[in-house]
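*Asks:* Once you've had a glance at the structure underneath, I'll fire off some questions.
The values are calculated or read from the model by the stated rules, or taken from the named source; none is laboratory data. Only a predicted model underlies this, so the values are computations on that prediction, with no experimental measurement involved. Every residue, glycine as well, gets a Cβ built from its backbone with ideal geometry; the counts of neighbours run over all protein chains shown. Protein only, heavy atoms only, side chains kept; ligands, DNA and RNA dropped before computing areas. Shrake-Rupley method; radii C 1.70, N 1.55, O 1.52, S 1.80 Å.
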Amino acid sequence: MSGTERRPAAGRRRPARERVLAAAARRFYADGITATGIDTITAEAGVAKMSLYNNFTSKADLVLAYLDARHEEWLNRYRSRLERAGSPRDGVLAVFDTYIDSAGSPGEDDFRGCGLLNAAAELPVGDEGRALVRRHKEEVERLMATQVGLLLPERPDVARTTAEHLAFLLEGAMVRAGLEGDSGRLRQARAMAARLLDRF
């Protein structure tokens, strides 16, 4: 999931909220949440500090908006892929493909893995941001479980266990891909998932 931003129409400047969120997304992903100060974000966004605080009550509020935006961006990419899926098997693989897309997105020249997991690693236990990341990961697993359930309608226990295994495979591959800085591990995980699904 990237911090890719939309380009404004010619001659129009994007609203301050959008610029702040786009700058925060780039900096949080590239440098980390803790290492990124408000001054860095406002300078990159080209806004006054007051503009940031008119749109976000605090840095913590901005972090939540960033995490929510990454989640929504990922879901939109997945939905686009799912529309082209011809079968439940393809629907499962669409999840892997969406992660692969994230690793090769424009603006992700310095791929660092899952921006949500990276953020969660910096947030303290009990932080609302960690809960948001957890909900995202649970939703990804549910999306896979739905597709595996369609593939195995008569075997719900096997479908649930298979979806859990695929989620573990996907998340482990994403961590390794982030450490290695490319999508190779995600592509390997997708091939492994395809082989597993072909057994059904």
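*Asks:* Among the listed residues R155, R187, R142, which satisfies the condition of being charged (D, E, K, R), in contact with a helix residue (DSSP H, G or I) (Cβ under 7 Å, 6 or more places away or on another chain), open to solvent by 10 Å² or more (accessible area, probe 1.4 Å) and more than 30 Å from T34 (Cβ to Cβ)?
*Replies:* On the way: R155 fails: in contact with a helix residue (DSSP H, G or I) (Cβ under 7 Å, 6 or more places away or on another chain); R142 fails: in contact with a helix residue (DSSP H, G or I) (Cβ under 7 Å, 6 or more places away or on another chain).
After applying the criteria, what remains is R187.
*Asks:* Of the residues V95, V63, V125, only one is under 30 Å from Q188 (Cβ atoms) and of a type in the set (V, I, T); which? Please lay out each step first, then the result.
*Replies:* Values: V63 fails: under 30 Å from Q188 (Cβ atoms); V125 fails: under 30 Å from Q188 (Cβ atoms).
Being under 30 Å from Q188 (Cβ atoms) and of a type in the set (V, I, T) holds for just one of V95, V63, V125, which is V95.
*Asks:* Here's another thing I want to ask about it. Only one of E128, E83, E72 is in contact (Cβ under 8 Å) with a residue 40 or more places away in the chain, open to solvent by 10 Å² or more (accessible area, probe 1.4 Å) and of a type outside the set (K, R); which?
*Replies:* On the way: E83 fails: in contact (Cβ under 8 Å) with a residue 40 or more places away in the chain; E72 fails: in contact (Cβ under 8 Å) with a residue 40 or more places away in the chain.
Of E128, E83, E72, the one residue that is in contact (Cβ under 8 Å) with a residue 40 or more places away in the chain, open to solvent by 10 Å² or more (accessible area, probe 1.4 Å) and of a type outside the set (K, R) is E128.
*Asks:* I've got another one for you. Within segment 20-63, how many residues turn out to be surrounded by fewer than 16 Cβ atoms within 10 Å (Cβ to Cβ) and under 19 Å from G113 (Cα atoms)?
*Replies:* Final tally of qualifying residues: 4.
*Asks:* Turning to a different aspect of this structure: State all residues of segment 158-170 that are closer than 21 Å to W74 by Cα and open to solvent by less than 40 Å² (accessible area, probe 1.4 Å); if no residue qualifies, say none.
*Replies:* Those that are closer than 21 Å to W74 by Cα and open to solvent by less than 40 Å² (accessible area, probe 1.4 Å): A163, L166, A167, L170.
*Asks:* Now, a different point. Quickly run through segment 39-61 and pick out the residues that are farther than 14 Å from E122 by Cβ and either touching a residue at least 24 places away in the same chain (Cβ under 8 Å) or touching a strand residue (DSSP E or B) at 6+ places or on another chain (Cβ under 8 Å) (or both).
*Replies:* Initial filter on segment 39-61 (farther than 14 Å from E122 by Cβ): 39-58, 61.
Matches in segment 39-61: A45, G46, V47, S51, L52, N54, N55, F56.
*Asks:* Something else: For the structure I just gave you, tell me whether S102 is free of Cβ contacts under 8 Å to residues at least 12 places away in the same chain and of a type outside the set (V, I, T). Write out each step before concluding.
*Replies:* Working: free of Cβ contacts under 8 Å to residues at least 12 places away in the same chain: no; of a type outside the set (V, I, T): yes.
No: the conditions fail for S102.
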